[in-house]
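The values are calculated or read from the model by the stated rules, or taken from the named source; none is laboratory data. Nothing here was measured: the structure is a model prediction, and the numbers come from that model. Because the Cβ atoms are built from the backbone with ideal geometry, glycine has one as well, and the counts that use them run over all protein chains shown.
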Amino acid sequence: MDASTTDKITAIRRSRGDSLAILAHHYQCDAVVAHADILGDSLELSRKVAGLSARDIVFCGVFFMAETAAMLAGPGQRVHIPAPDAACVMSEMAPAALAATVLGRLRATGRDVLPLTYVNSSAAVKAVVGACGGSVCTSANAAKMLRWALDQGRGVLFLPDKMLGQNTCDALGVPADKRHILDIRAGGAQLDLAAAAGAEVLLWPGQCVIHSRFKARDIAAVRAAHPGARVVVHPECAPETVQAADAAGSTSFIIKYVAEAPAGAEIFIGTEINLVSRLARRYQGEKAIRPLCLSGCSNMAKGTEENLLAALASLDTAAPVTVPEDVRGPATAAVEKMLEVSAR
Ligand code: 13P
Ligand code: SF4
């Protein structure tokens, strides 16, 4: 950590006082996390933004997170992101125009399919979803939100993460023959509408390349070499990986799982390496925390202390993150529906 960069950030935070709030996702590096007023998973950070009074909100994470924060920010509040080019690769697997086309083709069959998008999606996708009365979920509330969507009785389009979709279907007991992974190639022209008609949950074929690296065979190897060790993974991992693990949940769930494990526990974690390394350091000498394998999110890694300082130094001059007016309304409605349903 560069002491002068650290000191400059500390000085700006001190001078700005309550008019500045720095939010960071658990996958940010320690140098950035050290400056965060609020550290959390996607759901916690969305909830917190809605209640903040700071004029400037600096969001250390990937772009969809800052964009969601910009939607939830109040009048006069400005959201900044130190690394605007930090895109979530999974969110880019569902372009808004294609999502609208696919949803339109599914609905043209006469079935009023309800879309539910993972928060790891663009504001434009959230707007497509919100315009149809659909909503958003995070990994922390996916089961509750999919239950809500299924209860509308119309069939659900879950996007963009087929892994989280499948794992949530497993958790809710949606049978495998009632799920259908969509073929979105050729601009949606290759959809199998007959197969889609027979399914309750239609899954967009996106996934997180970082979490796809954790395999069930890695867990089998851990169990053979470390009898008694526990394994906890993020639900963006493949269903076979989640099924082989002892537990699966959001980044906050993983942190709680480790905190609640007894002293002496050995725990292998299947999620982004910054979080695993932080937990390993925090519990050093008390619990053995190890990565299931090394997997880092290169976009989360774009958040550095240097670009945090640059963002803080230009709070009054840089353009904040904005969401076009026609997108903002329906996209915010979809997110606010999530906040309302998940608080029930
Ligand atoms: P959480 O909502 O669990 O923090 O996860 C966000 C994410 O991008 C995981 O890859
Ligand atoms: Fe997106 Fe995966 Fe990175 Fe999370 S870990 S931000 S889902 S690419």
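When you go through (1) in contact (Cβ under 8 Å) with a residue 24 or more places away in the chain; (2) away from ligand 1 (no atom under 16 Å from the Cβ); (3) of a type in the set (Gly, Ala, Ser); (4) not in a helix (DSSP H, G or I) one by one for Gly187, which number turns out not to apply?
(4)
Taking the stated definitions as given, is Arg16 surrounded by fewer than 20 Cβ atoms within 10 Å (Cβ to Cβ), at pLDDT 95 or above and part of a helix (DSSP H, G or I)?
yes
I'm told Ala244 meets every condition in (1) more than 19 Å from His26 (Cβ to Cβ); (2) small (Gly, Ala, Ser); (3) within 17 Å of the chain's Cα centre (by Cα) except one. Can you identify the failing condition by its number?
Single failed check for Ala244: (3).
Yes or no: region 219-238 includes at least one residue that is crowded, with 20+ Cβ neighbours inside 10 Å, touching a residue at least 24 places away in the same chain (Cβ under 8 Å), assigned to a helix (DSSP H, G or I) and within 16 Å of ligand 2 (Cβ to nearest atom). I'd like the intermediate steps shown before the answer.
Restricting attention to region 219-238, the residues satisfying the condition of being crowded, with 20+ Cβ neighbours inside 10 Å are 219, 222, 231-238.
Right, trim to touching a residue at least 24 places away in the same chain (Cβ under 8 Å) and you get 219, 222, 231-238.
Of the ones still in play, those that are also assigned to a helix (DSSP H, G or I) are 219, 222.
Still in the list and also within 16 Å of ligand 2 (Cβ to nearest atom): none.
No, that holds for no residue.
Go through region 197-238 and give me each residue that's more than 16 Å from ligand 1 (Cβ to nearest atom), under 22 Å from the mean Cα position of the chain (by Cα) and not hydrophobic (A, V, I, L, M, F, W, C).
Of everything in region 197-238, those that are more than 16 Å from ligand 1 (Cβ to nearest atom), under 22 Å from the mean Cα position of the chain (by Cα) and not hydrophobic (A, V, I, L, M, F, W, C) turn out to be Pro205, Lys215.
Would you be able to tell me the number of residues in region 74-106 that are within 15 Å of Ile22 (Cα to Cα), away from ligand 1 (no atom under 16 Å from the Cβ) and surrounded by 22 or more Cβ atoms within 10 Å (Cβ to Cβ)?
3
Can you tell me how many residues within region 19-53 are part of a helix (DSSP H, G or I) and of a type outside the set (A, V, I, L, M)?
8
Confirm whether Ala263 is more than 24 Å from the chain's Cα centre (by Cα), away from ligand 1 (no atom under 16 Å from the Cβ) and part of a helix (DSSP H, G or I).
So Ala263 does not fit the description; no.
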